[in-house]
Protein chains: 2
Amino acid sequence: MADQLITLSDVATAAGVSLSTASKALNGTDRISAATREHVRVTADRLGFRHNALARSFARGRSQTIGVLTHRASNPFSRVVLATVAAELGAKEQAVLLYDARMDEQDITESVLQLRARRIDGVIVIGTGTSFPTPSLTDRFEVPVINAFTVTEDPADVTITADDVAIGRLAATHLLAGGRRRIVHLTAEPHDLAAQRRAEGAREVLAAAGLDWATPVRFGRWREEWGEEAATEVLAAVPDVDAIFCGSDAIARGAERVIRASGRRVPDDVALIGVDNWEQLMHDQRVRRHLTTIDVGLEEIGRLVADRLLEPDLEPGIQYAVPQLVIADTA
Amino acid sequence: MADQLITLSDVATAAGVSLSTASKALNGTDRISAATREHVRVTADRLGFRHNALARSFARGRSQTIGVLTHRASNPFSRVVLATVAAELGAKEQAVLLYDARMDEQDITESVLQLRARRIDGVIVIGTGTSFPTPSLTDRFEVPVINAFTVTEDPADVTITADDVAIGRLAATHLLAGGRRRIVHLTAEPHDLAAQRRAEGAREVLAAAGLDWATPVRFGRWREEWGEEAATEVLAAVPDVDAIFCGSDAIARGAERVIRASGRRVPDDVALIGVDNWEQLMHDQRVRRHLTTIDVGLEEIGRLVADRLLEPDLEPGIQYAVPQLVIADTA
DNA sequence: AAGAAAAGCGAAAGCGGTTTCGCAAATCAC
DNA sequence: GTGATTTGCGAAACCGCTTTCGCTTTTCTT
């Protein structure tokens, strides 16, 4: 294949201008007459010139690379964000350098040093969307840092994440709109932030309608097995329950099995709504929509992060993705 | 935070050696006495020196970046491979530059030019694991190219992908071992390579046992709806069918619903086995294993690709990931 | 012990751009 | 028409590291 040997000085020579003029003409920097600029451009095109991105990065001291720190890249939710971010950044000529860290202090420190050595242009920290606030890394870089799908300990950080309260509201509103009144909620660990805030949001809406949970929220784990367990309890405690809001689709999946096994119909007797929309997210139209759920907006988070990271002035604070209700068979 | 201004020449000065000596000492290249080498190392450590990766890449003409071309990064299977690859490469100090191409000729050409301009060290083409052989891109780069989860038109390319024939064999073997004899197969489009080869592999095993499909293979689409449709047909055509091998978990999901609706028990009356293992892959332990399936080894593909790409001599040919049987409730 | 080979190190030339600075020519002000 | 600006361009420094080459010193060979 044709050797990619055309250098800027080749272009300059061919165009009969100096190296610096050629550089400025192509970059549109400094003062260059329109005629010269155009002439250089045409010459460069004719020769098939492309800037050597390495030389350019070096000269400018900026790498066109974004560092990404993940906690566990194998987490399917992180993966969605990661893939979206990588694709969006690729479209902007930005590479992604991923460090899949255990996120202990030593690991982080090493990753930070390596990222700094690569003169990355920005950092994205992808969390798991749940659990505790994570330590802030913003001050350890002199480039912009955005936290995605996680909340940090420092409110002055830039964060883009799911709007768990809105998710809870959306779920409750939908169930109420469907005429449900004896509503219960099954979710994950009580200390999990996402679980808390989803419960909060839903509760808020119930309260506004003069209602409360038909039985106290069952906190457990983000797992299908917990959905089965909790649903079993709930059916015993509130036999006439008419709706269950589950903190995740996995929990809902377990709950549904138990509800059906009890002889109740879904959604006729008991409406069921989850959170995550993994049927779509993970399966890309291959599986039929079955569970009514709420899409937390992972892909939107990825897009927002990629867009905002390259903005000149990054405003601190938390920005939320807008959740979407996805109606299917169960509510 | 401390300014990362320590340059190699600072180290050289502090160590009382020349710039070139310092470079060689730290890189272990050229002939340097052990004493000097150690002294330079210690000095560098003391100063907290890190190579400027940009300068280094530039000087070496290699970018420490791997270009990745995907067809649709939103495909959940591609995403698994992508995330694995990115994590593995990150551990080797390699960044990933992702171009999510529409894969039409113009788009590809542009991506190729951009990747070349970035002096990437290698290329990974991630396919969708199915459908036709894709055009070979190997000759358009002078760096190594590996095709992942796809097959190209040129057999001399380096390819790492799923072993669809073995997948088929594994499924059939498992069903036979379970005592099943009236086995049918539902799968995707007849021109889909993965579908073909899975069917082939299974058929091979049946033939060796003196059997054939209980009814001709139903080719359709990779979708749950097709699983329902095809299963309905099959139950009518072969009422005493005792096992269904589905080309994907999505198809199996549809088939299972129909089988149960017909009053048959799974797996007592009809065993069901799928392919993909998405219950685990996409949900990371959150959902309970239900469907017996075959893991095609996406993560292994990602690891193999990342490992082999950096090998000095890349042997052409196709390497297959080893599929794993994942036994759960349905077979 | 003398010559040959090897070891250890430094000077300097890149790598391919960007960017500062200065100078000449063109334009402006009055 | 003269001086003050502005415009357009080129020379050259520089980004920080790698690598070639050559020189001096040490070690080996016989």
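Counting heavy atoms of the protein chains alone, B:Asp329 has an accessible area of about 80 Å² for a 1.4 Å probe. Within the listed set A:His290, A:His71, A:His185, the Gaussian network model of chain A (springs between alpha-carbon atoms below 10 Å) gives the highest mean-square fluctuation for A:His290.
Of the trypsin sites (Lys or Arg not before Pro) found in segment A:247-300, the ones in coil according to DSSP and having at most 11 other Cβ atoms within 10 Å of their Cβ are A:Arg265.
Burial annotation for segment B:60-78: residues with an accessible-area loss of at least 40 Å² between the isolated chain and the complete set of protein chains, computed on heavy atoms with a 1.4 Å probe, are B:Pro76.
Computed on protein heavy atoms with a 1.4 Å probe, the accessible areas place A:His283, B:His174 in the order B:His174, A:His283, largest first.
In degrees between 0 and 90, to the nearest 10, how far off the longest principal axis of chain B does helix B:164-177 point, with axes built from Cα atoms? The answer is roughly 40 degrees.
Shown here for segment B:1-88: trypsin sites (Lys or Arg not before Pro) in loop regions (DSSP other than H, G, I, E, B) with at most 10 other Cβ atoms within 10 Å, namely B:Arg31.
Accessible surface calculations at 1.4 Å, restricted to protein heavy atoms, place chain A at 41 Å² per residue. Rounded to the nearest 5, the antiparallel percentage of DSSP beta bridges internal to segment B:121-277 is 0%. If the Kirkwood radius is taken over C-alpha pairs of segment B:164-295, then at 4 °C and 1.567 mPa s the Stokes-Einstein diffusion coefficient equals 91 µm²/s.
Once the Cα atoms are used to define both axes, helix B:105-117 deviates from the longest principal axis of chain B by about 30 degrees. Take every Cα pair under 8 Å whose residues are at least 6 apart in sequence, average their separation, divide by the length of segment A:164-295, and the relative contact order is 25 percent. The portion of the accessible surface of segment B:194-301 made up by carbon and sulfur, rounded to a whole percent, is 48 (1.4 Å probe; DNA, RNA and ligands excluded).
Quick one: Debye curve from the alpha-carbon atoms of the protein assembly as shown only, equal weights, vacuum; give me log10 I(q)/I(0) at q = 0.10 Å⁻¹ to two decimals. Ignoring solvent entirely, the Cα scatterers give -1.01. When the inverse distances between all different Cα atoms of segment A:127-182 are averaged and flipped, the Kirkwood radius reads 13.3 angstrom.
The value of relative contact order for chain B, using C-alpha pairs under 8 Å at least six residues apart, is 15 percent.
Test of understanding: given chain A, find the longest segment containing no GluC sites (Glu not before Pro) that are in a DSSP loop and have at most 12 other Cβ atoms within 10 Å. In short, A:154-331. Neighbouring Cβ atoms from other chains, within 10 Å of the Cβ of residues in B:116-122, number 5 on average.
Taking R0 as 60 Å, what FRET efficiency do you get between B:Leu325 and A:Glu38 from their Cβ-Cβ distance, rounded to the nearest 0.05? Between B:Leu325 and A:Glu38 the formula returns 0.40.
Determine by what factor the alpha-carbon radius of gyration of segment A:8-51 differs from 2.2 N^0.38 Å, reporting the quotient.
0.95
Here the accessible area of segment A:76-133 is 53 percent carbon and sulfur, with a 1.4 angstrom probe and all protein chains present. Rounded to the nearest whole Hz, the Karplus-based 3J(HN,Hα) values (6.51 cos²θ - 1.76 cosθ + 1.60, θ = phi - 60°) of segment B:231-237 follow the sequence 5, 4, 4, 5, 5, 6, 6, with x at glycine and proline. For chain B, the share of DSSP beta bridges that are antiparallel, to the nearest 5, is 10%.
The interface between chain A and chain B buries about 5700 Å² of solvent-accessible area in total (1.4 Å probe, ligands and nucleic acids excluded).
Rounded to the nearest 10 degrees, the inclination of helix B:249-261 to the longest alpha-carbon principal axis of chain B is 30 degrees.
The values are calculated or read from the model by the stated rules, or taken from the named source; none is laboratory data. Since the model is a prediction, treat every value here as computed from it, not as a measurement. Every residue, glycine among them, receives a Cβ derived from its backbone with ideal geometry; neighbour counts consider all protein chains shown. Accessible surface is based on the protein model in full, side chains and every heavy atom, while ligands, DNA and RNA are left aside. Shrake-Rupley method; radii C 1.70, N 1.55, O 1.52, S 1.80 Å.
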